[in-house]
Amino acid sequence: MSQRIARINELLKREISGCIEKNFEFPDILVTIHDVETAIDLKTALVYIGVIGSEDQTRDVLRRLNAKRGMIQSMVMKRVVLRSTPVLTFKIDESIERGVRILNILDEIGEIDLPDEPGDVKPER
């Protein structure tokens, strides 16, 4: 990824986050923008969101954001001047949940008594 695209991604992330914070209310839910991936031709951008809430709440947040993406695009593009306005598509970012599951598995593995050295296998009797 070029530095230009990386800067655009970060700028879009910041502006989309501010737009959502000011114009949307999600009671009892935490919604964050994790990442933005803009295509090289600047025609499309995937916006990865994180939602802390139930699965139904997550689907509702995703539905609302995708339904209002035109409004979000126009508000963001008033502050970010680009040759062409990327079409935003919101997706759920499940990387945090995957990371938590991996950490839980590692914790479970850590609780198992392992031999000190690979050759020190203790026979069970």
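The order of the peptides 93-105, 77-89 by mean Cβ neighbours within 10 Å, most packed first, is 77-89, 93-105. The fewest-to-most ranking of Phe24, Phe90 by surrounding Cβ atoms within 10 Å reads Phe24, Phe90.
Given that compact globular proteins tend to follow 2.2 N^0.38 Å, what is the ratio of the alpha-carbon Rg of the stretch 3-111 to that value? Mind showing how you got there, number by number?
Details: Rg = 15.8 Å, N = 109, 2.2 N^0.38 = 13.1 Å.
Ratio of Cα Rg to 2.2 N^0.38 Å: 1.20.
Residue separation of His34 and Lys78 scaled by 0.36 nm, minus their Cα-Cα distance, works out to 13.7 nm of gained length. So for the chain, averaging the separation of alpha carbon pairs under 8 Å that are six or more residues apart and normalising by length, what relative contact order in percent results? The value is 24 percent. By the equivalent-ellipsoid construction on the alpha carbon gyration tensor, the stretch 23-74 comes out with semi-axes of 22, 13, 9 Å, ordered largest to smallest.
Of the beta bridges DSSP finds with both residues in the chain, what % are antiparallel, to the nearest 5? Roughly 55 percent of the DSSP beta bridges within the chain come out antiparallel.
Amide hydrogen proximity for His34: with H placed 1.01 Å from N in the peptide plane, the residues at 5 or more positions away or on another chain lying under 5 Å are Tyr48, Ile49, Gly50.
Here's the picture: a label point sits 7 Å out from the Cα of Leu46 along the beta-carbon direction, and within the stretch 75-100 the residues with their amide nitrogen under 11 Å of it are 89-94.
FYI, it's all coordinate maths here, none of it is from the lab. This is a predicted model, so every value here is computed, not measured. Note that each Cβ is placed from the backbone with ideal geometry, even for glycine, and that neighbours are counted across all protein chains shown.
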